[in-house]
Protein chains: 2
Amino acid sequence: MAEVITTGTELLMGKVVNTNATWIARKLSELGIVVRRITSVPDDLDEVSSCIREALRRGTDLLIITGGLGPSKDDLTAQALAEALGQRYVLNEEALNMVANKLKERGLGLTANRIKMARMPSKATPIPNPVGVAPGILVREERTLIIALPGVPSEMKAIFECYVLPELRRLTAESLVEGSLVIRGVPESDVASLIESLEVNKDCRIYIKTRVFKGGIEIYMSSFRQECYDDIREALMRVKEAIIKIGGIIVNDITMRRGPRR
Amino acid sequence: MAEVITTGTELLMGKVVNTNATWIARKLSELGIVVRRITSVPDDLDEVSSCIREALRRGTDLLIITGGLGPSKDDLTAQALAEALGQRYVLNEEALNMVANKLKERGLGLTANRIKMARMPSKATPIPNPVGVAPGILVREERTLIIALPGVPSEMKAIFECYVLPELRRLTAESLVEGSLVIRGVPESDVASLIESLEVNKDCRIYIKTRVFKGGIEIYMSSFRQECYDDIREALMRVKEAIIKIGGIIVNDITMRRGPRR
């Protein structure tokens, strides 16, 4: 069970679509990790730290935070994290080396603003940033593994792919199995009744969702159990037959997908 | 001060980008309403109702909820809202009329699944849906105005534009003023120091954000005070001059925008 916190006043102003949250949620789902909540908060020390505290109180196994690790005054996730965990907010020597080396590559020196990127909770470990300067942060609090990543999508994704994903893969073996079907010509409420009357293997804990969009209605099914591939395909085939029987049209035939994207 | 809750397991699985949240946040910002938190929760009765309860406990003036008002079994926002408010979950006669009329236009009859779209908290008022079947829900709880809208973007937007926006316009007179500038060739940390040394009119409570993206660094400033248009423009002009002085390049010159989008 995981939670995601994305920080950034620009998200709360509707200036930027929160693609980071979607990307992370997708990656975690592919690993079989259920994301229970995604929260966006502005660049405000109290808001960020109380949001972290609330997630810890709900007892999540994994908490991924993005944004607020840069050199700006409003980058305050590391400090908020220290406050939420009751740890000191200190200069991390390993992180300072990472920052200094990255700046050197770019021909830049250490300034107060840049040194700030090496400050983190006292018990935290820095995670190398393959494309940018600010390191990620890894810290454990009782049952929760907390990972903070920069908000710049290219940096967030690079750290996630290179360091977070391998770590999480070790923690989980399950993977997502999913299938979908797009139809039209039948009202959503009829599709809903049809789906409710489906008998599926309860052990598969199949998640079923219908989504109405311009092109029709998508019927989506997924399970975190690889062995339920055939159960999902058969369930979709039964839906397809029933839809055709009541006069519906198949827009996209059944497509199945298995395992994490590479 | 507002909060937004978007429901839908598809959001937590990273299947769908949460454009509804961004759209609503943008609309509220344009009205001068500060969005303090955006939360996404799965289609789960307990998760949705506890998320609503938490928002009410934080004392928000406005709570907008999207998703979960349709005919499917996993559409359970109305019931979760009733539980969170301690109100009965009842069939609303006015909503039933709306639903029945919409179905009639489409040549469809009332079924149990469809009647569900007319069920809501006992003290709630239905909001007409100009493009779909499921009505929106409006209900007050102490200081908080709560509005629940369908998750289908076209329906959510239509209800928002036709019924919610006029209501909110009456509640607030302020509007957003904003400006931005895109530069490159200067490290973000130098832009940060430069911005920190800017002297701006404190009364304007100017929000300043730098955002790094492929094309360069955007420097964005906004205020909820219309009379601060010139303060923002002058501040951006000072940044522009300083950037040029230290060898930076202007990618996009200063652009200013005033008032809500029509």
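The values are calculated or read from the model by the stated rules, or taken from the named source; none is laboratory data. Since the model is a prediction, treat every value here as computed from it, not as a measurement. Positions of Cβ are backbone-derived with ideal geometry, glycine not excepted, and every protein chain shown enters the neighbour counts.
Please enumerate the residues belonging to segment B:184-206 that are farther than 17 Å from residue B:238 by Cβ and within 8 Å of chain A (Cβ to nearest Cβ). If you could, list the steps in order and put the result at the bottom.
Here is the first cut: in segment B:184-206, the residues farther than 17 Å from residue B:238 by Cβ are B:184-185, B:187-189, B:203, B:205.
Within segment B:184-206, B:187, B:188, B:189 meet the criteria.
Pick from B:33, B:52, B:38, B:5: which is closer than 25 Å to residue A:209 by Cβ, within 10 Å of the chain's Cα centre (by Cα) and in contact (Cβ under 8 Å) with a residue 40 or more places away in the chain?
Working: B:33 fails: closer than 25 Å to residue A:209 by Cβ; B:52 fails: within 10 Å of the chain's Cα centre (by Cα); B:38 fails: in contact (Cβ under 8 Å) with a residue 40 or more places away in the chain.
Answer to the selection: B:5.
If you go through segment A:23-31 one residue at a time, do you hit one that is of a type in the set (Asp, Glu) and part of a helix (DSSP H, G or I)? Yes, segment A:23-31 has at least one match. When residue A:120 is tested against (1) buried (at least 20 other Cβ atoms within 10 Å of the Cβ); (2) within 14 Å of another protein chain (Cβ to nearest Cβ), only condition (2) is not met.
Of the residues making up segment B:123-141, those that are free of Cβ contacts under 8 Å to residues at least 40 places away in the same chain and more than 14 Å from chain A (Cβ to nearest Cβ) are B:123, B:125, B:126, B:127, B:128, B:130, B:138, B:140. Taking interchain pairs and intrachain pairs at least six residues apart, which have beta carbon atoms under 8 angstrom, with the first residue in segment B:64-93 and surrounded by 17 or more Cβ atoms within 10 Å (Cβ to Cβ) and at pLDDT 95 or above and the second part of a strand (DSSP E or B) and acidic (Asp, Glu)? The qualifying pairs are B:64/B:3; B:85/B:141.
Just one residue in the set B:22, B:60 is surrounded by 22 or more Cβ atoms within 10 Å (Cβ to Cβ), β-branched (Val, Ile, Thr) and either modelled with pLDDT under 95 or assigned by TED's automatic domain parsing to the domain that holds residue B:150 (or both); that residue is B:22. Only residues that are at the interface with another protein chain (Cβ under 7 Å from one of its Cβ atoms) and either of a type in the set (S, T, N, Q) or under 20 Å from residue A:74 (Cβ atoms) (or both) were counted across segment A:22-46, and they come to 6. Answer yes if at least one residue in segment B:168-178 is at pLDDT 95 or above and within 14 Å of another protein chain (Cβ to nearest Cβ), and no otherwise. No: zero hits.
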